[in-house]
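These notes concern the structure reproduced below.
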Amino acid sequence: MTPSLRPCLREPIPEIGEAARLLESAVQAHLAGNPNLAHEMIRGADLPAIREWTESLWGSNSPYVQYRPVENAPPSIPKEQRVKLRMPTTAEKNVLHERDGFHCRFCGIPLIRKEVRERIKKAYPQALSWGSKNIDQHAAFQAMWLQYDHLLPHARGGDNSLDNIVITCAPCNFGRMNWTVEEVGLIDPRTRQAVRSSWTGLEEFR
């Protein structure tokens, strides 16, 4: 009997929504000229429960990522045979932002582009930690890190066509690694509508 498919590797936890609300309020405080309040809210969004959620998803030992063989699945191909350009162009990214919004197409959590995170870090370096190790990175910004995820992985021959790329969070992207959606028992996100809400990805931060 084939196990039922699921929309995502692990359901989001409420703390992610709480962190998103804090970060939205932090941006509004910043724009209103209250950097001290913005600083405290950014720090407050760095929740240990979010780090645990993220850490549970990526890595080869994740209990939520369970490979199952799929007949006729595309094999891994040598690097020299893969599509040369791995990431979408700026214009293609803009199309993806418009199509998918700023929510993960698998688990639905709010997302923040790297460029926005870097702007906020420059303004609030003591509140938004972002070191070279996972443990040294702000938990909310790490979990909500917007990715351009190839549904047929690049290593398996996937190309940069917009039909093959969806916007996801870092845990869903890195958790799936180079498996196909079918191999980890996920519903193809293209079969359902993208999440729409008032979340803007903190794009208004300046």
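Here N36 meets each of (1) modelled with pLDDT of 95 or more; (2) within 21 Å of I13 (Cα to Cα) with one exception, condition (2). Scanning segment 27-78 for residues being of a type in the set (D, E, K, R), more than 15 Å from W179 (Cβ to Cβ) and surrounded by fewer than 19 Cβ atoms within 10 Å (Cβ to Cβ) gives a total of 4. For segment 181-195, a residue qualifies if it is surrounded by fewer than 18 Cβ atoms within 10 Å (Cβ to Cβ) and in a loop (DSSP other than H, G, I, E, B), and the qualifying residues are I187, D188, R192, Q193, A194, V195. When E11, E24, E18 are checked against the criterion of being loosely packed, with under 13 Cβ neighbours inside 10 Å and either hydroxyl-bearing (S, T, Y) or out of contact with any Gly (no Cβ under 8 Å at 6 or more places or on another chain) (or both), E11 stands alone in meeting it.
Filter segment 145-178 down to residues that are of a type in the set (G, A, S) and at pLDDT below 95, then give me how many there are.
Of the residues in that region, 4 qualify.
Which condition number does A139 fail, the rest of (1) surrounded by 23 or more Cβ atoms within 10 Å (Cβ to Cβ); (2) in contact with a strand residue (DSSP E or B) (Cβ under 9 Å, 6 or more places away or on another chain) being met? Answer for A139: the failing condition is (2). When restricted to residues that are assigned to a loop (DSSP other than H, G, I, E, B) and under 17 Å from W179 (Cα atoms), segment 4-21 contains 5. If you check G175 against the conditions, is it assigned to a helix (DSSP H, G or I), small (G, A, S) and buried (at least 18 other Cβ atoms within 10 Å of the Cβ)? Yes; evaluated as a whole, the condition is true for this residue.
Of the residues making up segment 15-53, those that are among the small types (G, A, S) and over 18 Å from the mean Cα position of the chain (by Cα) are S25, A26, A29, A32, G33, A38, G44. The residues of segment 66-103 that are modelled with pLDDT of 95 or more and among the β-branched types (V, I, T) amount to a single one, V95.
The values are calculated or read from the model by the stated rules, or taken from the named source; none is laboratory data. Not measured: the values here are computed from a predicted model. When we count neighbours, we look across all protein chains shown, and the Cβ atoms used for this are built from the backbone with ideal geometry, even at glycine.
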